[in-house]
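Colleague: Below are the structure tokens for one structure; questions will follow.
The values are calculated or read from the model by the stated rules, or taken from the named source; none is laboratory data. Keep in mind that this is a model prediction, so the values were computed, not measured. Every residue, glycine among them, receives a Cβ derived from its backbone with ideal geometry; neighbour counts consider all protein chains shown.
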Amino acid sequence: MHVQQMLKEYLELHGYWVLFIGTFLEGEAILLLAGFLAFQGYLNVLGVIGTAWAGSFLGDQFYFYLGHYKGKWVFKRFHSIAKKFREALKLIEKYGNYVAFISRFTYGFRIVLPIILGLTNLAPRTFLWINLVSALIWAVAFSLGGYLFGKSASLVLDNVSNYEQYLVLALFGFISMAWCIHAYHVWKLKKPARQRLARMRAIHASRKAVS
């Protein structure tokens, strides 16, 4: 059997489960890739959107109720989440319930924000409806992003199938570049805070040395 046909059959059987788990956890990269594979005919684009919608919605519902019932335990157990607590609270104070809508679009806070919202007085029913709409928009946007990437490539290349591996690498390269730009931007924003912390430590060390 041709390798490409085997890959198609494998993705048709297991691709949606992988996509569901990926979008439950976070999943922009895997959703863009799924959108591209839908253009190639390995997956169904409506199936991709529906799976991503379900995974993203259920993921945020889980994180919300995790915060609602076990929020304090999560922050004690997972220091990486606790470190983002203050920044996430600032976003909630600034945007209010709107944060429930944009949480999955804020890189690095996708999991943290629903957990913290679960600790607030936001009604579970309100979060549910906001989450439903937000998850649908997110699923459509990123699925079509990957699909249109393949569509754009087909306008330039005679046979996209001959260049699949290179296009997948290019797609991951674009995602990696976007992540690096975001990480650098966050690092630059936090530079003054790191400098203040370094000065405080230096002052504390000098005082200990004197005493």
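Colleague: Can you report the number of residues in the range 24-44 which are touching a Leu at 6+ places or on another chain (Cβ under 8 Å) and either modelled with pLDDT of 90 or more or more than 19 Å from residue 148 (Cβ to Cβ) (or both)?
Modeller: 1
Colleague: Continuing with the same structure: Please note which helices (runs of 4 or more DSSP H) are completely contained in the range 21-95 and include at least 1 residues that are polar (S, T, N, Q) and in contact with a helix residue (DSSP H, G or I) (Cβ under 6 Å, 6 or more places away or on another chain).
Modeller: 45-77
Colleague: Also: Could you please let me know if residue 39 is without any contact (Cβ under 8 Å) to a residue 12 or more places away in the chain and of a type in the set (Phe, Trp, Tyr)?
Modeller: Against the criterion (without any contact (Cβ under 8 Å) to a residue 12 or more places away in the chain and of a type in the set (Phe, Trp, Tyr)), residue 39 does not qualify.
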